[in-house]
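To start, the structure under review is shown below, and the notes come after it.
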């Protein structure tokens, strides 16, 4: 049997597939495929879709915002912040896009909040800078 194991790891879970026939992913140089017995390798996956087929011929799709794969001892390990796994690629691509949009929104809101805090601190420092050391502020 020409199969290898695939370990999927993200910040939410770990999944293992023991009978993988082929994995197809993409890095900055383009798409590549892995079969059982491949030489040791490491690659940085780009944002998008990867897929693998098990020994029964069933394809599984992975939507991910990038990640790292390493292959050694007939075992492929994929590590990413978040991935979506399914058999229908359109729906998992939408899940990834929605997740990334929510993350971008959270990051934007955090930046806005930090700017507001900075401005408040600068105003307060300006108010305090107008006083001499040891003076009591009169209201």
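Read-outs: derived from the displayed coordinates by stated rules, not from any lab. Just so we're clear, the structure is a prediction, and the values are computed from it rather than from any experiment. Virtual Cβ from ideal backbone geometry, glycine too; neighbours counted across all protein chains shown.
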Pull out a ≥ b ≥ c, the square roots of the eigenvalues of the alpha-carbon gyration tensor of region 2-48, then state rounded if a/c is under 1.5, prolate if not and a/b is larger than b/c, and oblate in the remaining case. oblate
Among 47, 83, which comes first, then next, by fewest other beta-carbon atoms within 10 Å? 47, 83
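Among 70, 110, what is the fewest-to-most ranking by other Cβ atoms within 10 Å?
Ranking 70, 110 by Cβ neighbours within 10 Å, fewest first, gives 110, 70.
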Taking the beta-carbon count within 10 Å as an exposure proxy, list 27, 18 from fewest neighbours to most. 18, 27
Any idea what diffusion coefficient region 4-89 gets from Stokes-Einstein, in µm²/s, Kirkwood Rh on alpha carbon pairs, 20 °C, 1.002 mPa s? 170
Region 4-89: relative contact order in percent, alpha carbon pairs under 8 Å with at least 6 residues between: 31
If each of residue 31 and residue 97 carries a label point 7 Å out from its Cα toward its Cβ, how far apart are those two points in nm? 2.0
On the formula 1/(1 + (r/R0)^6), with r taken between the Cβ atoms of residue 114 and residue 12 and R0 of 25 Å, the FRET efficiency rounded to 0.05 is 0.40
